[in-house]
Amino acid sequence: MTSRTRIFLGILLIYTAGIAFLLYRVVIDIDPRYRESAEESLVEASQLMASLVEQDVIAGAINTARLEPLFRSVYARQFSAQIYNLHKRHVELRMYVTDRSGRVIFDSQGRNLGADFSQWSDVRRSLAGTYGARTTRDIAGDPLSSVMYVGAPVRWGNEIVGVVSVGKPVQSFGQFVEDARARTLWVGGFSALALLVGAIIVSIWLVRPFGLISDYLGWLRTQRSPSLGRMLRRAADTLRRGVAEMRDAFTGRNYIADYVQTFTHEIKSPLSAIRGAAELIQEPSMPQAERERFLGNIAHETQRIQEIVDRMMELTALETRRALDRSEPVALGPLLREVAASAQAAAARRDVRVQVAIHTEARVEGDPFLLRRAISNLLDNAIDFSPAGAEVLLALEAGSRRAVVSVRDRGPGIPDYAQDKVFEKFYSLARPHSQKKSTGLGLAFVKEIATLHRGRVELANAPRGGALATLTLPLLSHH
C-alpha cells in the first residue's frame, strides 16, 4: 500500500469516525430527552391528582371512594388518536395513593392494594416534603416493562397525610424514541454519504473539469451495442478512477515530492559513473583499451538513464488514465503463445526454456497491447532470475468468474526483506547472473495495467522453490 493510499484512507477513517461519534452521541441522547419530557408531564399530572385527592381529606384521613369509578371509566374509554406514527387507542396512565405511613390505600390497577411502599423513592421523598420519582420494572429482567413514577404529597393544612404517585410505562413513548433514532441514523448516514460524494465530485471537478462524464460519454459513443453489464462495469471503473484522483488531490504534493526524490536517487548513481568515466578518459596517458572500456561504461549508463526515463514516462501516462482508452475481447491463450514465442530468443541466450500450459481457454475484456506488455514483463523477470538450464512455465487457468495467468521460475525466489517491496517504484533486486538491477519500474507498470483491467497481480515464493507471479483478470461476461 502506497503512502498516498494510506493518507487517503487515514483521512477517510477520521471522517468516518467523526461522523460515527457524532451520530452515536445524538442517538444515545434521544432516550434521556424523551424521558425528561415525559417526567415533566408526570409532575404536572401528579400535582393535579394530589389536589383532587386533597378535596376528599377528612380530619387528616384520605378518602379514595370516588377514584375507583373515575379510573374504571377512564380505562374503558374508546378513542383513536394518531400521533405522528403512533396510533393511541387507550389510556396507559396509572396511579396509586398511600397514607402517611406509605401503605397503599388505592391502586388504579388493583395490584398493590395494602402494600408497604414507604421505601420507594417517590413515596419516601414525597412524604418528606421533597421531590420524589422512580423508574421500576414491572417484570424483573425485562427493560421493556419499565414504568416511570412521579410522586406528589397530599396535604391537610400544613401536614402531609399521604402521597399520590402517577406512573406511565416507558414503552408508551419508547416508540417515539425508536422512531427518532431510526430517523436520526437515516438522515445522518445519508447526509454523511452525500457530503462524502460531494467532496469526491468537487475534488474530481477541480482536478479534471467534466473529465469523468466526458470520458464515459465518449466511450459510449464508440460502442455499437453496449450491454447493460459492460456499461455498469465501465461506470464503476470511471468512479474508481475518480476516487483515485480525489486521493491524489489530497496527497498529490507529497506524492510528487516522493516521486522526484526517488527518481533523483536512482539516476544519481549512473550520472556519477558517467562523470567519473568522462574525467578519466581526459587523461592523455590512458591506454586505448582502458579508454574504450570507460567509453563503453558511459554508453551503458546513458542507456540505463534513458530506460529509467522512458519507463517512468510510460508509467506516469498509465497512472493518469481513469479507464482504458480501448477495450475489446481478448483471447488469453493465443496471447500467451505469442508472448512466449517473442521471449524465446532472450531465453535461449540464457539457456532457459519457456513452456506454455493452457489448461483452459479464457477471454477477458481489455487492451491487448497493455495485457501483452504486462505478461511480457512478468515473463522477462522470470527469465532474468532463472539459472541456466532451467525452465519457466507460463500457464493459463480459468474459474467461473476469473482467469489466472501464472509465471513460474526456478530461481532463488524473493528474499523476506523484499516481499512487501517488489511492486514499489524503482525497487529492484540484482539479477543472479549479472548482479545488475533493472529500472525497478516493470512490476509497478504491471500493477497499474492489472488495476485498469479490474484485476490484480501478485508475486510470491513458489511452494517448491523459485518465484510465482500471478495476474488475475475478470472473465468476459457473455451477457
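Among the residues of segment 101-135, which ones are of a type outside the set (A, V, I, L, M) and touching a helix residue (DSSP H, G or I) at 6+ places or on another chain (Cβ under 7 Å)? Reasoning before the result, please.
Kept after step one, since they are of a type outside the set (A, V, I, L, M), are these residues of segment 101-135: 101-103, 106-112, 114, 116-122, 124-126, 129-132, 134-135.
Residues satisfying the conditions are Gly102, Phe106, Ser108, Phe117, Ser118, Tyr131, Gly132, Arg134.
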The correct count of residues that are within 30 Å of Ile62 (Cβ to Cβ) and among the β-branched types (Val, Ile, Thr) in segment 161-188 is 5
Quick count over segment 41-100, residues being in contact with a Lys or Arg (Cβ under 7 Å, 6 or more places away or on another chain) and not in a loop (DSSP other than H, G, I, E, B), is 3
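Residues of segment 7-65 being of a type in the set (Ser, Thr, Tyr) and either outside the structural domain of Gly157 (by TED's automatic domain parsing) or closer than 30 Å to Ala133 by Cβ (or both), which ones?
Our first condition is that a residue be of a type in the set (Ser, Thr, Tyr); within segment 7-65, this holds for 15-16, 24, 34, 37, 41, 46, 51, 64.
Residues satisfying the conditions are Tyr24, Tyr34, Ser37, Ser41, Ser46, Ser51, Thr64.
Does Glu458 satisfy the criteria of being over 14 Å from Leu336 (Cα atoms), in contact with a His (Cβ under 9 Å, 6 or more places away or on another chain) and either assigned by TED's automatic domain parsing to the domain that holds Leu335 or modelled with pLDDT under 90 (or both)?
Working: over 14 Å from Leu336 (Cα atoms): yes; in contact with a His (Cβ under 9 Å, 6 or more places away or on another chain): no; either assigned by TED's automatic domain parsing to the domain that holds Leu335 or modelled with pLDDT under 90 (or both): yes.
When the stated conditions are applied, Glu458 does not pass them.
Answer yes or no as to whether Gly167 is surrounded by fewer than 13 Cβ atoms within 10 Å (Cβ to Cβ) and farther than 30 Å from Tyr24 by Cβ. Quick ask: steps written out before the conclusion?
Numbers: surrounded by fewer than 13 Cβ atoms within 10 Å (Cβ to Cβ): no; farther than 30 Å from Tyr24 by Cβ: yes.
Taking the combined requirement at face value, the residue does not satisfy it.
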When (1) closer than 29 Å to Gly333 by Cβ; (2) at pLDDT below 85 are applied to Arg372, the one that fails is (2)
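Report yes if Gln78 is free of Cβ contacts under 8 Å to residues at least 40 places away in the same chain and on the phi < 0 side of the Ramachandran plot, otherwise no.
On the way: free of Cβ contacts under 8 Å to residues at least 40 places away in the same chain: yes; on the phi < 0 side of the Ramachandran plot: yes.
Answer is yes for this residue.
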Item to complete: Might you let me know whether segment 23-33 holds any residue that is without any contact (Cβ under 8 Å) to a residue 12 or more places away in the chain, under 27 Å from Pro153 (Cβ atoms) and in a helix (DSSP H, G or I)?
Response: yes
Only unsatisfied item for Leu48, checking (1) under 30 Å from Leu127 (Cβ atoms); (2) of a type outside the set (Ser, Thr, Tyr); (3) within 46 Å of the chain's Cα centre (by Cα), is (3)
How many residues of segment 340-374 are loosely packed, with under 14 Cβ neighbours inside 10 Å, of a type in the set (Asp, Glu) and within 42 Å of the chain's Cα centre (by Cα)? The answer is 1
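Only one of Leu12, Leu23 is touching a Leu at 6+ places or on another chain (Cβ under 7 Å) and surrounded by 14 or more Cβ atoms within 10 Å (Cβ to Cβ). Can you tell me which? Working first, answer last.
Values: Leu12 fails: touching a Leu at 6+ places or on another chain (Cβ under 7 Å).
Answer to the selection: Leu23.
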Per the filter on segment 94-120, residues within 54 Å of the chain's Cα centre (by Cα) and within 18 Å of Gly132 (Cβ to Cβ) are Arg94, Met95, Gln119, Trp120
Restricting segment 82-109 to residues that are modelled with pLDDT of 90 or more and among the hydrophobic types (A, V, I, L, M, F, W, C), the one nearest to Val166 (Cα to Cα) turns out to be Met95
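Please verify whether Pro69 is closer than 30 Å to Glu178 by Cβ and either modelled with pLDDT of 90 or more or not basic (Lys, Arg) (or both), treating the condition exactly as stated. Don't jump to the end; show me each part of the working.
Numbers: closer than 30 Å to Glu178 by Cβ: no; either modelled with pLDDT of 90 or more or not basic (Lys, Arg) (or both): yes.
Answer is no for this residue.
The values are calculated or read from the model by the stated rules, or taken from the named source; none is laboratory data. Model, not experiment: these values are computed from the prediction. Counting neighbours? That spans all protein chains shown, and the Cβs are built from the backbone with ideal geometry, glycine included.
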